[in-house]
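> Structure below; questions to follow.
The values are calculated or read from the model by the stated rules, or taken from the named source; none is laboratory data. If you're wondering where the values come from, they're calculated on a predicted model, not measured in any experiment. Here the Cβ positions follow ideal geometry from the backbone for every residue, glycine too, while neighbour counts run over all protein chains shown.
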Amino acid sequence: MSKRLLPLVPADLVVERMLPTSDRLTVMCRSRIAAPLCPGCGQPSSRRHGSYSRRLADLPWQGRRVQVEVQVRRLRCRWPGCAHRIFAERLSAVAGPHAQRTAHLGSPRHHIGLALGGRAGARLAERIGTPVSGATLIRLVRRGAPATPAAAPRVLGVDDWAWRRGQRYGTVLVDLERRAVVDLLPDREADSFAAWLRAHPGVEVIARDRGAGYADGGRRGAPDAVHVADRWHLLENCSAAVLEAMKRHMPALRAAAQPTSSTFAAETATATPASDPTASPPMTSAQRLQYEGWQRRVQVHGEVMRLHQQGFPVRHIARDLALSRNTVRRWVGANSLSCTGHGCTRSTPGGRYRTSAGSRVAETAPGSGETCAMQGSKAGCAS
């Protein structure tokens, strides 16, 4: 009977048995190749030296994690001149050397990393049953990235960057058409930039800041290139110039804004009289939501108090207004809606006796005549 039971298992493996659990499916396999090739000399060998188990994560199945456990053989090489006396059989169609996942699982993780990045991709991988860390996704993306082409960029962006901020700076060169970093220079000197341009001819446009160093290096290294100021530095220089102009003319701006502020305050006071109690003050969206919730709560509290004054029981009020009985009791027992938390004075079954008890304690306090008469002695009493 054929041991290849599942189509998800690669063709080079034979399924020995499966061990299903509630959240995992372990597939026990072995290689179908009778005489694997030696990686050193390429000669086949069937002389067995030993074996070990290799565990590989695979694509999930029916919501369960799948682990392929392959029994890998160690073999002796027959050729006397081979440097590999003992070698382990390769599973090139299943997984690469030292890999902990199959090729079927590595490709989806690579695309998840490309689409979502590290942390977001790790959360999605956890949801679909292939847990992986964000660092692993980033490593897979970098490993599968194509090599940087040798051709020089046509539109080159140049700017400085910090090896260590405030102490050491370098130069970053970016291909603006491909949006990829081309090279990093150890410093930001004009000579280094000019030497790089001479070694990489073909640059037609140089986008840079307005510093003199990169301008000099660009003219010497690529005399025919067109120099342009990039958008970020244009906006940065423009905003800096506007702020500097405002600082110089700040007294005049304040004097010009004073009549406008007075007129606006007078118009606001006329449009919204202070004596109008129904007018709400200007508020943010969060404050407005809180205020509207408070208004709804005031209406429900008024309905609770109206039904309570009419003699309806707490159970009836809670059922009609869709409130809990504890909320109804708290509102009925409180003095007002604003006093429904801790520290509020509420009516209790013994509240009606509080006043008389307090006056009685004051009458029988130490120093009163009645207390001395009850004690049978006037020692310590006021004369």
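> Within the range 77-88, does at least one residue satisfy the condition of being of a type in the set (A, V, I, L, M, F, W, C), under 23 Å from Leu137 (Cβ atoms) and more than 29 Å from the chain's Cα centre (by Cα)?
No, there is no match, as no residue in the range 77-88 is of a type in the set (A, V, I, L, M, F, W, C), under 23 Å from Leu137 (Cβ atoms) and more than 29 Å from the chain's Cα centre (by Cα).
> Can you pull out every residue in the range 42-64 that is farther than 20 Å from Ala95 by Cβ and surrounded by 17 or more Cβ atoms within 10 Å (Cβ to Cβ)?
Within the range 42-64, just Ser45 meets the criteria.
> So Trp161 passes all but one of these: (1) touching a residue at least 24 places away in the same chain (Cβ under 8 Å); (2) assigned by TED's automatic domain parsing to the domain that holds Arg219. Which condition number does it fail?
It fails just one condition, (1).
> Restricted to the range 123-135, and to residues that are within 15 Å of Pro60 (Cα to Cα) and aliphatic (A, V, I, L, M), which residue is modelled with the lowest pLDDT?
Ile128
> Okay, next question. Those residues that are assigned to a helix (DSSP H, G or I) and either surrounded by fewer than 16 Cβ atoms within 10 Å (Cβ to Cβ) or hydrophobic (A, V, I, L, M, F, W, C) (or both), I need them from the range 180-200; list them, please.
Selection gives Ala190, Asp191, Phe193, Ala194, Ala195, Trp196, Leu197, Arg198, Ala199.
> Moving on. Taking the range 65-106 as the region of interest, how many residues are in a loop (DSSP other than H, G, I, E, B), among the aliphatic types (A, V, I, L, M) and surrounded by 14 or more Cβ atoms within 10 Å (Cβ to Cβ)?
Residues in the range 65-106 being in a loop (DSSP other than H, G, I, E, B), among the aliphatic types (A, V, I, L, M) and surrounded by 14 or more Cβ atoms within 10 Å (Cβ to Cβ): 4 in total.
> Shifting gears a bit: Out of Pro153, Pro146, report the one residue that is modelled with pLDDT of 85 or more and part of a loop (DSSP other than H, G, I, E, B).
Pro153
> Could you run through the range 18-66 and say how many residues are closer than 22 Å to Gly96 by Cβ and of a type in the set (Ser, Thr, Tyr)?
Count: 6.
> Here's a follow-up. So, of the residues in the range 209-243 that are outside any helix (DSSP H, G or I), modelled with pLDDT of 85 or more and among the small types (Gly, Ala, Ser), which turns out to be surrounded by the fewest Cβ atoms within 10 Å (Cβ to Cβ)?
Out of the qualifying residues, it is Ala229.
> Here's something else I'd like to know. Tell me whether the range 117-127 contains one or more residues that are in contact (Cβ under 8 Å) with a residue 60 or more places away in the chain, on the phi < 0 side of the Ramachandran plot and not assigned by TED's automatic domain parsing to the domain that holds Pro60.
No, because not a single residue in the range 117-127 is in contact (Cβ under 8 Å) with a residue 60 or more places away in the chain, on the phi < 0 side of the Ramachandran plot and not assigned by TED's automatic domain parsing to the domain that holds Pro60.
Each row is one residue, and each column tells you yes or no for (1) part of a strand (DSSP E or B); (2) touching an Asp or Glu at 6+ places or on another chain (Cβ under 6 Å); (3) modelled with pLDDT of 80 or more; (4) surrounded by 14 or more Cβ atoms within 10 Å (Cβ to Cβ).
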residue	(1), (2), (3), (4)
Ser2	no, no, no, no
Val14	yes, no, yes, yes
Ile33	no, no, yes, yes
Gly40	no, no, yes, yes
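> The conditions are (1) touching a residue at least 24 places away in the same chain (Cβ under 8 Å); (2) farther than 27 Å from Val72 by Cα; (3) of a type in the set (S, T, N, Q), and Ser133 fails exactly one of them. Which is it?
With (1) touching a residue at least 24 places away in the same chain (Cβ under 8 Å); (2) farther than 27 Å from Val72 by Cα; (3) of a type in the set (S, T, N, Q) applied to Ser133, the lone miss is (1).
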